Structure formats: C-alpha cells, structure tokens
Amino acid sequence: MSIFRFPILSKKVLAPTRSLPRTFVKMRGAGAGFTLVEALLSVAFLSIIGMGVIYFFKNSLVSMHKTQSNIILRDESASAFENILNDMRQSEDSSVAIDKFSENNLPNSLISFVMVPSAEKISYYQDGASLFINRKNAAKKLLDNLVSIQFSSSSYPASGTYSVSMKLGNSKENFSFESSVFVRN
C-alpha cells in the first residue's frame, strides 16, 4: 500500500517577509535573558527620565511655596493697611503728627494720632523691615518685609487729607499699597 501525499500540503507555505540585517536578529534559546549592555543602557535611560521627573516636581514645589508666601504676605499687608486707614479715619486732624521713628528710618515713616471716641493715642511706624503699632504704650509688630512706609498730609481737596504709601516685598518681588484718607476735623 502506498501512501499518497499531496505535495502542496506537505510543504509549509510562508508569506513573503522582509528580512532584518543579521546584526538585529538574535536567536535566543528558551532561557535567554538580557545582556549586561542592554541592562545597563535601560538603567541609564530610566535614570535620566527619573531625574527629569524629579527636577520637574522640585521646581513645581518651589514655585508653589513662593506663590503661597506671596499670597500670605499680600493678605497680611492688606489687612494691616486697612487697619491703619480705619484707625486714621477715627482720629482728629489736630492730633495727627507725622515724623520718623529713628535716624535710620526714612522721613515720614511714623504717624501718631488720637482716636476720637476713646481718646487713645496710636502710633504706626517702621523700624527696620517691620511695621509696628504702638497702642496703650505697648508696641506690637504687624508685619515683616516692609521696604518703606510714607505718611503725608495734604490740604487738597480739603484739610484733614492724609496719604499713606506702603511698599513691601523681598529682593525679587515688590508690591505697594497707596491710599488717601480723610480724618475728622
């Protein structure tokens, strides 16, 4: 008995493919792993990517910290500035005195006045890079990072008009508040 074979079915038919150069083709056995060079290259590549990610997150955290510090400084400054203006509105024009706190300070960096309802004497002044309030003969620091504060009086549009200019910040970023207030006559 002879076995009849179909010649077409006995051969494996392969689809035509492009062959890669021999340098890229590696025949690996069943238990083959990575070579030492491949492992070192992948560790080096992942290290470079990791350093980039760490650098990005570090810069993001530093930027966020600076932004939060500036927001806090602006909020504290705005609150102190409003306190000065509100206290000045409750004073009499005849009791307001503008001077400087010490020889090291700028002129017009101190203002003293008496509040009308309570007859309490209040002073706001700059000492170094800080703003202080003196109330009931007790000084209290209101804020730091003060570059300058200037008080001035004006007879325009009416007597009893005072201007307050406050500049705050650090060596990289400064901001200022300016306003005028009318005191009681």
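The values are calculated or read from the model by the stated rules, or taken from the named source; none is laboratory data. Computed from a predicted model, the values in this text were never measured in an experiment. Backbone-built Cβ (ideal geometry, glycine too); neighbour counts: all protein chains shown.
Out of curiosity, is ARG135 under 19 Å from PHE177 (Cα atoms) and surrounded by fewer than 18 Cβ atoms within 10 Å (Cβ to Cβ)? Criteria not met by ARG135. When ILE3 is tested against (1) at pLDDT 85 or above; (2) part of a loop (DSSP other than H, G, I, E, B); (3) not small (Gly, Ala, Ser), only condition (1) is not met.
Somewhere in the stretch 112-131, is a residue surrounded by 14 or more Cβ atoms within 10 Å (Cβ to Cβ), of a type in the set (Phe, Trp, Tyr), touching a Phe, Trp or Tyr at 6+ places or on another chain (Cβ under 6 Å) and under 22 Å from GLY160 (Cβ atoms)? Yes. Candidates are the residues of the stretch 138-170 that are of a type outside the set (Ser, Thr, Tyr) and part of a loop (DSSP other than H, G, I, E, B); the one that is surrounded by the fewest Cβ atoms within 10 Å (Cβ to Cβ) is PRO157. When you check GLU38 against the structure, is it acidic (Asp, Glu), without any contact (Cβ under 8 Å) to a residue 60 or more places away in the chain and exposed (fewer than 10 other Cβ atoms within 10 Å of the Cβ), yes or no? Here the answer is no, as GLU38 does not meet what is asked. Please give the number of the condition VAL164 fails out of (1) in contact (Cβ under 8 Å) with a residue 24 or more places away in the chain; (2) among the hydrophobic types (A, V, I, L, M, F, W, C); (3) more than 12 Å from VAL181 (Cβ to Cβ). Tallying (1) in contact (Cβ under 8 Å) with a residue 24 or more places away in the chain; (2) among the hydrophobic types (A, V, I, L, M, F, W, C); (3) more than 12 Å from VAL181 (Cβ to Cβ), VAL164 fails exactly one: (3).
Every condition in (1) out of contact with any helix residue (DSSP H, G or I) (no Cβ under 8 Å at 6 or more places or on another chain); (2) modelled with pLDDT under 90 holds for LYS141 except the one numbered (2). Considering the stretch 48-128, the qualifying strands (runs of 3 or more DSSP E), each wholly inside and each with 2 or more residues that are over 19 Å from GLY169 (Cβ atoms), out of contact with any Ser or Thr (no Cβ under 6 Å at 6 or more places or on another chain) and at pLDDT 90 or above, run over 121-127. VAL181 meets each of the listed conditions (1) farther than 16 Å from GLN90 by Cα; (2) of a type in the set (A, V, I, L, M); (3) modelled with pLDDT of 85 or more apart from (1).
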